[in-house]
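Computed from the coordinates by the stated procedures, all read-outs in this text should not be read as laboratory data. Keep in mind that what you see is a predicted model, and the values were worked out from it rather than measured. No Cβ is skipped: glycine too gets one built from the backbone with ideal geometry, and neighbour counts run over all protein chains shown.
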Amino acid sequence: MADATVTGGMPAGLGARGAAATPGPMVAADGTPLKASLARSLRRQKMRALLLIAPLLLFIVVSFVLPIGDMLLRSVQNGIVPDTLPRTVVALRDDPAEVPGEAVFEALYADLVVAEEYKVHTQLGSRLNYEMGGASSMFRGAGRAVGRFGTDIYAEQFEDADPALVDPARWAVWMADPAVREALPRTADAYDAWAGFTAELGGDDPAAEELGDVVYAALYRDLASGAQAPGLPAVDVAGFESVSLRDEFIADDAGWGEPAIWDLLRTFSPRVTAGYYLNAVDLQMGPDGVEMRPEGDRIYLQLFVRTMILSVTITATCILLGYPVAFLLASLPMRSANLLMILVLLPFWTSLLVRTSAWKVLLQQQGVINDLLVWAGLIGNDGRLALINNQTGTIIAMTHILLPFMILPLYSVMKGIPPTYVRAAKSLGANDWTAFWRVYFPQSIPGIGAGSILVFILAIGYYITPELVGGTKGVFISNRIAYHISDSLNWGLAAALGTILLAVVLLLYWAYDRMVGIDNVKLGG
Amino acid sequence: MALPSYASTGQRVWHYAFRVICGLILFYLIAPLLVVVPLSFNAQDFFTFTPEMLRLDPAGYSLEHYRDFFTNVDWQGPLWNSLAIAPVATLLAVALGTLAAVGLSQSHVPFKRAIMAILISPMIVPLIISAAGMYFFYSRIGLQGTYWGVVLAHAALGIPFVIITVTATLVGFDKSLTRAAASLGAGPMRTFWTVQMPLILPGVISGALFAFITSFDEVVVVMFLGAAGQKTLPWQMFIGLREQISPTILAAATVLIAVSILLLAALELLRRRNERLRGLTPN
């Protein structure tokens, strides 16, 4: 800092006129121009500051920011359909019919044979079941059925035509030949998949194992569409008996003949989906674009609205209860204010679970408050109030928990209001109410703003207290997010709901930063 | 706010009514904690005052629930887990947080606002969202269900408090003291440890207390990130409250209230010391 010494006595201005008045550019002790020297020193200071911050920044990015990013990614990520049914997804692209034709069913057959071996079709089924009831059982059933489909007739017919066609060793040679692979694309694909799971799951050599029906079905399809493969024995498949996979699937479950499942597969074909977000606001992708979900399935909008209403109610109650207390604390002499402050700070420092359990004990039907009311004769013994497991319970307990977050910022703002203004107003003839309302109150509004945003931000994300005292009517959106993570395992939907909540909170955070400044947050007075 | 001698009757009534209202609100704040303490000595497995207790009959009171708390492995395991997680998370948060707060208090910090916003964000983002994101991400990298996963997460949650308290102390720090140390030949490390650190220590300690209580009280993140081996005290209380509410919870709650009274007293002493050091005496 002290390494830049000004030569030439006068601290001349750096403007054009100043430069003209001095004999030459100012230089530091080591001869470099002062400007460059100062810039270097400033750069060094900045670097040092950043180096001090870097470890923590890195830590927070890895332990906190990346996880949040992962959640955002999961809310749009949708690999399960294209990963499990890759051939079907491609085939569906070329078939716009409501219930697609044979080609798509053949692709689905090949996909399901592979998926069944890897046991992943049930995962897909349970995932799609969130969107359409019954999808799970369709996939489970189809997974069992593909092994029994009538596709075994192809192997017999090919063997009758030329026994070489069922020789695994020859197949291994053919399938290594690029010319054959090019001529029989479907067969090559089916063979690769079959060879893949045979080697990987069974640990067998594909060149020595009897080929799966899925390969012969693909070969029939390739040859029937007129393919000529070099090296393979010539077979005329025109006289072959064939089997319609479409009929086989529909015979297994009539659902495959309905448009619903195909709409669903088309919707979830892209790897990036807005499906979770649509679901999170009670919308769905219908045949004619976005539409509302059926009346009975709409829960999230209502839950968001309830979360908002309860949070606003709690914030308002906090203002109502916090303002008088902060006012009293700010106007009392320091010593008694500090004493009363303990009553505010002790709950603030007590474990959230302790306060929640206290309310659970107090608010029960056989709890202290009801006992007290019965004893006082205000209510009859059979008319005990339901104070818990409903919205009342949530509001009472959460107001109690968040009240210190309102009182503390209000108090620090009120401490800064000079009492002279109110005195001046009174001396000019204002009565107590006018002096308060027109002079004191407007000056305390920043405190109300800061406290309200803080309480509101904390309230809309609450999970523990509503879970324990809220019953079914008093729960928040957070409880639904937790449910989807740990119980229903619909992580994509949990991530979408979380992202929406996060967006609301960040918006408020930004507002708070503009209004109060993040670095002005006060903790505990 | 003393009442002037010329106050009218209306003003007098309002003055006392206002104090009564404030008294009721403060009662609402403190009463739940006060009710829990005597109930935890209940000899019965009830969550309300029994007639014996109201008569102040010694037979109505017992230490049974405390005995259960201090001997039952269902409670002791979580207690020790909490004590194994919170101090390590606190240490991590304080070490990194203090370093960064010193960096942030320099006069020229590029992107200061953005950096500050990122560092404070774990305090602002709802816990359920942090828990969800950490659960997804930590399972990818194999930290889910491990001790270190919980410690890292708790350290991240405690850092904003360290940053806030330490930067607040640094605002009142006289920079000419470090310059004086430097001019007398002390290197940056020596200046920091012998001049700056003793002066900002109250802020560092109160930040540490905040970080400790954040980890010690935290339940949402640990429920998602932890396995059964990391079950903490608040987690056990949560399970107790949701499934089989047993009066031992009240004994646990009373112990925790005692812990928070100790923490509050420690903080108050630190605040006074800090003000004295800055030459601002209270009163």
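By the helix-only formula, in which each DSSP H run with n ≥ 4 contributes -39500 (n - 2.57) and the sum is divided by residues, chain B has a 222 nm mean residue ellipticity of -24000 deg cm²/dmol.
Based on Cα atoms of the stretch A:84-296, Rg over Rh with Rh as the Kirkwood radius reads 1.02. With helices as the sole contributors, chain A gives -19500 deg cm²/dmol at 222 nm; each DSSP H run of n ≥ 4 counts as -39500 (n - 2.57), and the sum is divided by every residue. Computed over the stretch B:101-153, the Cα gyration tensor eigenvalues convert (square root of 5λ each) into semi-axes of 29, 13, 9 Å, ordered from largest to smallest.
Between A:ASP94 and B:TYR6, the modelled labels are 9.9 nm apart [label points 7 Å from Cα along Cα→Cβ]. Extent along the principal axes, Cα only, for the stretch A:333-382: 48, 27, 8 Å, with the longest axis given first. What residues from the stretch B:4-31 fall in the zone where the backbone N is under 18 Å from a label point 7 Å along the Cα-to-C-beta line of A:ASP432? The answer is B:4-24, whose backbone nitrogens lie closer than 18 Å to the label point.
Relative to the longest principal axis of the Cα atoms of chain A, helix A:213-224 runs at roughly 70 degrees.
Here is what passes the span test in chain B: the DSSP H helices with alpha carbon length of 27 Å or more along the helix axis and a Kyte-Doolittle mean of 0.5 or above are B:9-39, B:73-104, B:147-171, B:197-217, B:248-277. Note on chain A: the C-alpha convex hull projects to 46.8 nm² when averaged across all orientations.
Using the Cβ-Cβ distance between B:ASP68 and A:ARG48 with R0 set to 51 Å, the FRET efficiency from 1/(1 + (r/R0)^6) comes to roughly 0.40.
Relative contact order of chain B, taken over Cα pairs closer than 8 Å and 6 or more residues apart, is 26 percent.
By the rule of a C-alpha distance below 21 Å, with chain neighbours fewer than 8 residues away ignored, the lysines paired with A:LYS360 are A:LYS473. In the stretch B:180-256, Rg over Rh equals 1.32, where Rg is the alpha-carbon radius of gyration and Rh the Kirkwood radius from pairwise Cα distances.
Taking Cα centre as origin and charging only the Cβ of basic (Lys, Arg, +1) and acidic (Asp, Glu, -1) residues, the dipole magnitude of chain B rounds to 1300 debye. Could you let me know the centre-to-centre spacing of the stretch B:20-58 and the stretch A:39-83, using Cα atoms, in angstrom? One Cα centre to the other: 49 Å. Describe numerically, in nm with one decimal, the distance between label points set 7 Å from Cα along Cα→Cβ at A:VAL173 and at A:GLU159. Distance between the two pseudo-spin positions: 2.1 nm.
Across peptide A:466-478, the mean count of Cβ atoms from other chains lying within 10 Å of each residue's own Cβ comes to 2. Once Rg and the Kirkwood radius are both taken over the C-alpha atoms of chain B, their ratio Rg/Rh works out to 1.07. The radius of gyration of the Cα set in the stretch B:20-92, together with its Dmax, comes out at 17.3, 51 angstrom. Counting, for every residue in A:320-326, the Cβ atoms of other protein chains within 10 Å of its Cβ and taking the mean gives 4. Take chain B and mark each of the trypsin sites (Lys or Arg not before Pro) that is in a DSSP loop with at most 16 other Cβ atoms within 10 Å; the longest unmarked stretch, sites excluded, is B:56-174. With a Förster radius of 45 Å applied to the beta-carbon distance between B:ARG113 and A:ARG144, the computed FRET efficiency rounds to 0.15. Full extension of the chain segment joining A:ILE445 with A:GLU200 gains 81.3 nm, where the gain is 0.36 nm per residue of separation less the Cα-Cα distance. For the peptides A:54-63, B:119-128, B:158-167, A:433-442, the ranking by mean Cβ contacts within 10 Å, running from highest to lowest, is B:158-167, B:119-128, A:54-63, A:433-442.
Under Stokes-Einstein, with the Kirkwood radius over Cα pairs as Rh, the value for the stretch A:300-520 at 10 °C and 1.306 mPa s is 81 µm²/s. When the protein assembly as shown is described by a simple charge dipole with +1 on each Lys and Arg Cβ and -1 on each Asp and Glu Cβ, the residue from A:LEU328, A:THR267, A:VAL81 located farthest towards its positive end is A:LEU328.
Here's the list of lysines a cross-link from A:LYS415 could span, going by alpha-carbon distance under 21 Å and ignoring same-chain residues fewer than 8 apart: A:LYS426, A:LYS522. Taking label points 7 Å from Cα along the Cα-to-Cβ direction, B:ILE261 and A:ARG306 give a separation of 3.9 nm.
Computed FRET efficiency, Cβ-Cβ of A:SER488 and A:GLN365, R0 35 Å: what is it to the nearest 0.05? Taking R0 as 35 Å, the efficiency between A:SER488 and A:GLN365 is 0.65.
Length gained on full extension, B:LYS175 to B:TRP14: 53.0 nm, using 0.36 nm per residue less the C-alpha separation.
The average projected area of the stretch A:113-238, computed from the convex hull of its Cα atoms over all directions, is 8.4 nm².
Mean per-residue shielding of peptide B:6-13 is 1, counting Cβ atoms of other chains within 10 Å of each Cβ. Among B:GLY142, B:GLY229, B:GLY207, the largest mean-square fluctuation in a Gaussian network model of chain B, built with springs joining Cα atoms closer than 10 Å, belongs to B:GLY142.
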